[in-house]
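A short write-up of the structure that comes next.
Where a number appears in this text, it was derived from the coordinates with a stated rule and is not lab data. Everything numeric here is computed off the predicted structure, so don't read it as measured data. Note that we place each Cβ from the backbone using ideal geometry, even for glycine, and neighbour counts take in every protein chain shown.
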Amino acid sequence: MVPRRTGKAKEVISVADLWGNPVHCTSSQWTGHIIDPIEGHPEMTGREADVARAIQDPDVIRPSTKTGLAFAFETVTTNETIRAIVYYTDATLIKMGRTDGMLATAYPDDPAYSSQVGAPIYRKAASHPKKTGSS
């Protein structure tokens, strides 16, 4: 099911993804699901910036195996990989930057969820450190 934006709900996250599609997360989605202490991932409390970075500048993007409308945006932080699941209104338009996304959930990568995402459709090119000094 695609989370829906309603009226003028306060947004916790509002960023453009890698392709320029707007992606949003309302405060009710963030507190009512993502960081919910029983049903969600309370370890994500205060990690809004990490989630936004995963969506804006991901290391890897994978399609969801549960639905053709969602994609997993992953980024490596200092000590773990963060995965943000974004549902789009029209996934066929994602690479053209012509659809809207809603953050469904976010969590530290966990092998228990590996079957819910497919093979990468995007992988950030590895950066190579510049050589300095003289030889």
Other-chain or far-sequence residues with amide H under 5 Å of residue 124's (modelled H) | 60
Tell me, what ³J(HN,Hα) does each residue in segment 51-62 have, in order and in whole Hz, if you take phi through Karplus 6.51 cos²θ - 1.76 cosθ + 1.60 with θ = phi - 60° and put x for Gly and Pro?
-> 5, 4, 5, 4, 6, 6, 9, x, 7, 9, 10, 10
Using alpha-carbon positions, the gyration tensor of the chain gives root eigenvalues a ≥ b ≥ c; with a/c under 1.5 called rounded, otherwise prolate if a/b exceeds b/c, else oblate, the class is prolate
Per DSSP H run of at least 4 residues, take -39500 (n - 2.57); add these up for the chain, divide by its residues and hand me the 222 nm value, nearest 500 deg cm²/dmol.
-> -2000 deg cm²/dmol
About its Cα centre, how strong a charge dipole does the chain have in debye, to the nearest 20, once Lys and Arg get +1 and Asp and Glu get -1 at the Cβ?
-> 500 debye
